[in-house]
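The values are calculated or read from the model by the stated rules, or taken from the named source; none is laboratory data. All values derive from a computational prediction rather than experimental measurement. All Cβ positions, glycine included, derive from the backbone under ideal geometry; neighbour counts span all protein chains shown. Protein only, heavy atoms only, side chains kept; ligands, DNA and RNA dropped before computing areas. Shrake-Rupley method; radii C 1.70, N 1.55, O 1.52, S 1.80 Å.
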Amino acid sequence: MKNVRRHIILVYVIALLLGSSLTLSAQQQGTPNIVQTHERSGYVFGHTRGFGFGFQQGRIMNIHSTLFWHAEIATLRHPKEYRRTNESFPNTRTYSYGKLNRVYMIRGGLGMHRNLADKPYWGGVQVRYSLFGGLNLSITEPIYLYILHYNMDDGMFYRSLERYNPDTHFADHIYGRGPFGKGFRDAKLHPGLYLKGSLFFDYASDQQYVRALEVGCAIDAFPKRLPIMAFAQNSYAHLTLYLALHFGDRE
């Protein structure tokens, strides 16, 4: 009986040692787990009042959360802005009647992503939500238009490139929009704040890469109204919805 017990104990010990050895061997020979600590992506986006592009980089804190900084540039249009032409003259250029300034928003701030649903081992989509906030330095570029002037001596109309003035420039004397960038020398800065939140759908087949669709909303607020339009109410705060495509990697 004692010999049987000794054999059972011996077999048990051998099995434990063999199991431990096989487990260690499998861990050494198998594919090692890759610990990723950083994520970055560039992206383009369209929103309900313009478009833009940006870059973000983050530190992966744990399997649930990533902290980011980001910077982006976007245009901002007025809701009542629309293009028209002067049909009284041939070959005129389209312009937005009443538009005082083009607006370029430069956003920069911090944020976080947090997992809502992890990607299955066989692939699929990882779902995260994000929240960002920071500083918005918006640039207003004055609009320049080609204005028609009538010459009494020869009875001809001549074009002149002028900064748009709603008090003196009327629709029947506007030939069309001026060249891009003409108003940069008179541009002004308008500091403000922004906050945006979104859902982030990462569909990349490899965990090393970022291929994602982002859907969200943003609000940009300023201490003074942005002077976009002459004949419409300009606001302190601007709410927009956006859709972005991200391309990047993790390491």
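Below are the figures for this structure:
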item: Top-ranked residue of the stretch 78-109 - restricted to ones that are more than 30 Å from Leu195 (Cα to Cα) and hydroxyl-bearing (Ser, Thr, Tyr), ranked as modelled with the lowest pLDDT; result: Ser88
item: Some residue of the stretch 178-200 being open to solvent by 60 Å² or more (accessible area, probe 1.4 Å) and over 29 Å from Leu239 (Cα atoms); result: no
item: Residue within the stretch 231-247 that is open to solvent by less than 50 Å² (accessible area, probe 1.4 Å), more than 19 Å from the chain's Cα centre (by Cα) and in contact (Cβ under 8 Å) with a residue 24 or more places away in the chain present; result: yes
item: Unmet criterion (only one of (1) surrounded by fewer than 12 Cβ atoms within 10 Å (Cβ to Cβ); (2) assigned to a strand (DSSP E or B)) for Asp167; result: (2)
item: Of all residues in the stretch 201-230 being open to solvent by 20 Å² or more (accessible area, probe 1.4 Å) and aliphatic (A, V, I, L, M), the one that is farthest from Tyr164 (Cα to Cα); result: Leu213
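Matching residues to (1) closer than 27 Å to Gln57 by Cβ; (2) at pLDDT 95 or above:
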{"residue": "Arg163", "(1), (2)": "no, yes"}
{"residue": "His169", "(1), (2)": "no, no"}
{"residue": "Arg177", "(1), (2)": "no, no"}
{"residue": "Ala218", "(1), (2)": "yes, yes"}
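This table checks each residue for (1) in contact with a His (Cβ under 7 Å, 6 or more places away or on another chain); (2) over 18 Å from Lys80 (Cβ atoms).
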position: Tyr194; (1), (2): no, yes
position: Gly197; (1), (2): no, yes
position: Phe201; (1), (2): no, yes
position: Asp206; (1), (2): no, yes
position: Phe222; (1), (2): yes, yes
position: Pro227; (1), (2): no, no
